[in-house]
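Student: Have a look at this one before I ask anything.
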Amino acid sequence: MSIPEVTYKSILDQQLELEIVSFDQLKKVLKKVTDHDPFKAHRLKFNVLLVVGRGGSGVHQIDFKGHSFQERSTILISKDQIQTFVDLPEDNEGFLLMFTEKLFLEVGGEYPFLIDHFFNNQLYDPIHNLNENDFSELESMISKMKSKFEDKRKSVRMEVVKAYFKILLLEIFACRERKYEKVHKSPHTKYFLEFQQLLKAHFVREKKVKFYADKLNITVKKLNQITQAVVNQSAKDFILAYIVLEAKKLLITPDLSSKEVAYGIGFDEPTNFTKFFKTHTNILPSKFTESILSN
């Protein structure tokens, strides 16, 4: 058993790999989807930006956690995250932007901070509420991008939309930066980002804090100070939370047995993985999988 994987399918322009859909269009599409149920867990193989306009509040689930949104919110969902449209009120206005990782890296390539920070859900809440002026600017920019898709001068259209898209990402980053100014200005953030990358590369084989502290040429105490300052967690708890999330994603991955999941997380014995997962989630791996697939 596994959840569906939803791949990017271009409707408007194969080359640009960006789609902009109004909420009115989105609600019609969601009712007609046949290859998966949007209101049950599914894995995205592309990036999504939801810009929630006027209307009611709702809930969107990302990586097994429900996030409340209200009007004038942005919701960032990155490639390979698990999402569910738990609640999308009928009266909400807004836009959904779908774009590939290739386009994101191309547009954000000259701004390393965008690549490091934009979809970093361990540093930031994926939902950010905007004031009226900031939201109006984003809404206007998206409307202009959408209208440019109808321009018959294809080469001009693509470059203009891409330029608007770059500005859009930077504007969203700037809006969020005000809220998380402490994170951006902290001298600890550079080390934390390096720690994240090391953990991603080595967590299967290395689960001890000392390994990562040594790699960063700092003490275990210093690494704990860094993670406490940036994400309010000890380094050990951060590592454990990362491993548990990766385990959850593997447990609902197509064609993987529980034994393969255990090995994929770095456990030599499946029974040890079962004990680890139950200890940190209060549920057996098999029951977790059933709960996600049955919702």
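Student: Do we find a residue being of a type in the set (K, R) and touching a Gly at 6+ places or on another chain (Cβ under 8 Å) anywhere in the stretch 58-67?
Tutor: No, the conditions are met nowhere in the stretch 58-67.
Student: Continuing with this model, one more query. Just a yes or no: is a residue in the stretch 199-206 aromatic (F, W, Y), crowded, with 16+ Cβ neighbours inside 10 Å and closer than 22 Å to H280 by Cβ?
Tutor: Looking through the stretch 199-206, at least one residue is aromatic (F, W, Y), crowded, with 16+ Cβ neighbours inside 10 Å and closer than 22 Å to H280 by Cβ.
Student: If you don't mind, another one. Restricting to the stretch 232-264, and then to whatever is of a type in the set (S, T, Y) and over 19 Å from K215 (Cβ atoms), can you tell me which residue is nearest to the chain's Cα centre (by Cα)?
Tutor: That would be T253.
Student: Only one of F95, F85 is more than 28 Å from I226 (Cβ to Cβ), of a type outside the set (S, T, Y), touching a residue at least 60 places away in the same chain (Cβ under 8 Å) and in contact with a helix residue (DSSP H, G or I) (Cβ under 7 Å, 6 or more places away or on another chain). Can you tell me which?
Tutor: The match here is F95.
Student: Pick out, from the stretch 153-208, the helices (runs of 4 or more DSSP H) lying fully within it that include 3 or more residues that are over 19 Å from A229 (Cβ atoms) and in contact (Cβ under 8 Å) with a residue 40 or more places away in the chain.
Tutor: Output list reads 154-179.
Student: Continuing with this model, one more query. Considering D134, D91, D116, which residue is of a type outside the set (K, R) and not in a helix (DSSP H, G or I)?
Tutor: After ruling out the rest, the residue left standing is D91.
Student: Of all the residues that make up the stretch 74-88, how many are in a loop (DSSP other than H, G, I, E, B) and within 12 Å of the chain's Cα centre (by Cα)?
Tutor: Going through the stretch 74-88 one residue at a time, the tally reaches 4.
Student: A follow-up question, please. I need a count of the residues in the stretch 217-237 that are part of a loop (DSSP other than H, G, I, E, B) and of a type in the set (V, I, T).
Tutor: 2
Student: I'd like to know if the stretch 238-247 contains one or more residues that are surrounded by fewer than 16 Cβ atoms within 10 Å (Cβ to Cβ), assigned to a helix (DSSP H, G or I) and not hydrophobic (A, V, I, L, M, F, W, C).
Tutor: no
Student: If I go through the stretch 147-181 residue by residue, how many of them are at pLDDT below 85 and among the hydrophobic types (A, V, I, L, M, F, W, C)?
Tutor: Here the count works out to 3.
Student: Taking F135 as the residue in question, decide whether it is in contact with a strand residue (DSSP E or B) (Cβ under 6 Å, 6 or more places away or on another chain) and surrounded by 19 or more Cβ atoms within 10 Å (Cβ to Cβ).
Tutor: No, not satisfied.
Student: Something else: What are the residues in the stretch 168-179 that are crowded, with 16+ Cβ neighbours inside 10 Å and either touching a Gly at 6+ places or on another chain (Cβ under 7 Å) or among the hydrophobic types (A, V, I, L, M, F, W, C) (or both), if any?
Tutor: L168, L169, L170, I172, F173, C175, listed by residue number.
The values are calculated or read from the model by the stated rules, or taken from the named source; none is laboratory data. Since this is a predicted model, take the numbers as computed values, not measurements. Positions of Cβ are backbone-derived with ideal geometry, glycine not excepted, and every protein chain shown enters the neighbour counts.
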